[in-house]
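Okay, so here's the structure we're looking at.
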Amino acid sequence: MAENKFRSVFKDELNIYMEHRKSCGIKESGAITSLRKLDAFMAENCTEKSFTREHADKWKETMDGESPQGHYRRVNDSKSFFQFLFPQGYEVFLFDDVKNPPNLFVAHYYTDDEVERYFSAVDNYHSSHNRLHCIQLPVLFRILYCCGTRIGETLGIRKKDIDLESGIIRLTETKNRKERYVTMGGELLALARRFADRTFYQIADDEYVFRNKNGGGLKYDTIKHIHREILAMAGIPFVGNSHGPRIHDWRHTFAIRSFKHMSDNGTDMYVALPILSTYLGHGTIMATEHYLRLTLEMFPEIEEKMGKTAEKVFGGVVYEDN
């Protein structure tokens, strides 16, 4: 059993819990940070294997410098650990969830001019730390833009997941743990084939195609840093404070452009909604509806074209707030 270097009186139980999560197919990265904080808290406050109401009340307090989202993740991730212990007879207090804070991020839509400048910067980006960046970043960022994938899904692509004949990519490391497929257009496929010709002979079928200098998979923090550099190179201001532009905004842009394209080609939005929802891998249709609302806000002529369809989709209220 892999050890996570916990040190509290519950260190053995924390390791067993992490193994349990792994056996259920749940990724470690989502909760390990929260559980390490919990372990540090219990090492300081718990001398016996019990977690009382008093402990819970103190644990649920917001830490210094902690964001509402960080507070929500820390407390709710740790709640699952105690729910795991309780049926086994441990003396642990089961506390309530912390309310999910509102999402303050404002989606950024990349304009045609920004797209052109951004990818010009991507294609001219060079790094002394990783010589692969000049050939892998143009493919990686174009998959985000052209296929609407999440960054985690894209970094999780392995050699065996790419069919260079048909242009189909299988996504296995997805948010909802539901495998799905996306397709590459002609230009992107040609670029991917050139990338494969230069790199795929070096890696095994089950290895990641986007790699760091040591041959392991690229990490999100690395790409986030590169994204900021590319924005600067492209002359696109990074506003920050929930206004990006973020990497995830390429997915927003893909969804909005897809709705616009389908509308221009005469597709009824009532029909387009479930199609795009399935393609994007959303857990519910409501998540995709958000993108449709953004599309209607940007292109009000689509709303006029929708007519009565808008009432079916939104119950008569097409768009009220951001």
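The values are calculated or read from the model by the stated rules, or taken from the named source; none is laboratory data. Fair warning: this is a prediction, and the values are worked out from it, not measured in the lab. Counting neighbours? That spans all protein chains shown, and the Cβs are built from the backbone with ideal geometry, glycine included. Side chains are part of the model used for accessible areas, which takes the heavy atoms of the whole protein and leaves out ligands, DNA and RNA. Shrake-Rupley method; radii C 1.70, N 1.55, O 1.52, S 1.80 Å.
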Considering the stretch 89-110, residues that are open to solvent by less than 60 Å² (accessible area, probe 1.4 Å) and within 30 Å of Met298 (Cα to Cα), and then whichever is modelled with the highest pLDDT, we arrive at Tyr110
Those residues of the stretch 206-222 which are under 20 Å from the mean Cα position of the chain (by Cα) and without any contact (Cβ under 8 Å) to a residue 24 or more places away in the chain amount to Gly216, Asp221, Thr222
Picking from Thr199, Thr174, the residue that is among the polar types (S, T, N, Q), farther than 18 Å from Glu153 by Cβ and open to solvent by less than 90 Å² (accessible area, probe 1.4 Å) would be Thr199
In the stretch 205-231, anything exposed (fewer than 15 other Cβ atoms within 10 Å of the Cβ) and more than 16 Å from Leu137 (Cα to Cα) is listed as Asp205, Asp206, Asn214
- Does any residue of the stretch 68-79 turn out to be at pLDDT 90 or above and open to solvent by 20 Å² or more (accessible area, probe 1.4 Å)? yes
Over the stretch 55-69, the set of residues assigned to a helix (DSSP H, G or I), in contact with a helix residue (DSSP H, G or I) (Cβ under 9 Å, 6 or more places away or on another chain) and not basic (Lys, Arg) is His55, Ala56, Trp59
(1) surrounded by fewer than 19 Cβ atoms within 10 Å (Cβ to Cβ); (2) under 20 Å from the mean Cα position of the chain (by Cα); (3) within 16 Å of Leu189 (Cβ to Cβ) all hold for Cys147 apart from (1)
A careful count of residues in the stretch 14-54 that are more than 25 Å from Asn176 (Cα to Cα) and not in a loop (DSSP other than H, G, I, E, B) gives 13
